[in-house]
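Worksheet for the structure shown next.
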Amino acid sequence: MSCRVLVLYWSKGGNTRKVAETIHKTVQLHGISSEIIEIKAGLEIDAFSYELIFVGAPVYFNLAPPPVMKFLQGLRSRAANLAAAPEKPGHFAVIFCTYGGGHTGIGEAIPLLKYMGQAFEHEGIRVVEEWPVVGDFPGINDPHYNTAGRLGDITGRPNVGDLRIVAGQVSGLLRRLQYKLGIEEQLRMKSDIYKTDH
């Protein structure tokens with residue numbers, strides 16, 4: 001069985017791009033084929049043909065930015081015709097986001113994760129994980145957003161430690177889904193993955 005992995009993301013300041021690239025590289029380090037694509041206007045892709053899809057965006061007013069919202073709305077192709085949204089066997093999604101959390105902490109990320117996940121759940125793609133990743137506000141005029149919010153000083157995040165956690169989450173997810181995705185052999189061949197510096 002060949003497992004196809006897709007990492008889709010949109011990033012304005014670069015934080016979500018860092019997370020997406022970490023996910024992509026970690027999947028590849030496990031010997032699994034992965035494509036990484038930035039969401040842009042007019043993007044046409046059969047996202048549901050991949051066995052494992054990672055989709056990420058920064059939080060904008062508790063939801064995804066307009067380009068991502070438009071893209072997700074375009075994905076909803078068959079949901080209206082399928083009562084109970086039956087699961088598509090062997091297909092899974094992970095939703096991730098970057099957020100500053102200055103006002104209400106992680107509560108700012110949860111609506112985005114749930115909303116984006118519904119685009120996949122409605123298509124029968126089970127969302128198996130949701131990953132909120134702290135990210136600063138790059139290029140913001142008021143530095144207090146990065147230093148005085150609920151999460152404390154988030155300057156420079158996601159940092160190496162944050163990205164190491166993301167890489168660990170990817171590795172753990174691949175081990176969790178190895179039999180459902182048919183990737184046992186690739187994982188056995190790359191058993192020393194944790195010695196690799198991300």
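Below, the figures for the structure above:
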item: Count of residues meeting criterion [among the aliphatic types (A, V, I, L, M), within 19 Å of residue 137 (Cα to Cα) and part of a strand (DSSP E or B)] in the range 1-24; result: 0
item: Test result for residue 104, without any contact (Cβ under 8 Å) to a residue 60 or more places away in the chain and touching an Asp or Glu at 6+ places or on another chain (Cβ under 8 Å); result: no
item: Leading residue by the ranking (surrounded by the fewest Cβ atoms within 10 Å (Cβ to Cβ)) among those in the range 109-132 that are in contact with a helix residue (DSSP H, G or I) (Cβ under 7 Å, 6 or more places away or on another chain) and farther than 23 Å from residue 22 by Cβ; result: 122
item: Qualifying residue in the range 25-43 (condition: of a type in the set (Gly, Ala, Ser), assigned to a loop (DSSP other than H, G, I, E, B) and crowded, with 23+ Cβ neighbours inside 10 Å); result: no
item: Matching residues in the range 47-58 - criterion: being of a type in the set (A, V, I, L, M, F, W, C) and assigned to a strand (DSSP E or B); result: 52, 53, 54, 55, 57
item: Candidates 140, 193, 106, 165 - the one that is touching a helix residue (DSSP H, G or I) at 6+ places or on another chain (Cβ under 8 Å) and either modelled with pLDDT of 90 or more or farther than 29 Å from residue 67 by Cβ (or both); result: 193
item: Members of the range 133-150 that are without any contact (Cβ under 8 Å) to a residue 60 or more places away in the chain, surrounded by fewer than 20 Cβ atoms within 10 Å (Cβ to Cβ) and not β-branched (Val, Ile, Thr); result: 141, 142, 143, 144, 145, 148, 149, 150
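The values are calculated or read from the model by the stated rules, or taken from the named source; none is laboratory data. Not measured: the values here are computed from a predicted model. All Cβ positions, even for glycine, are placed from backbone atoms using ideal geometry, and neighbour counts span all protein chains on display.
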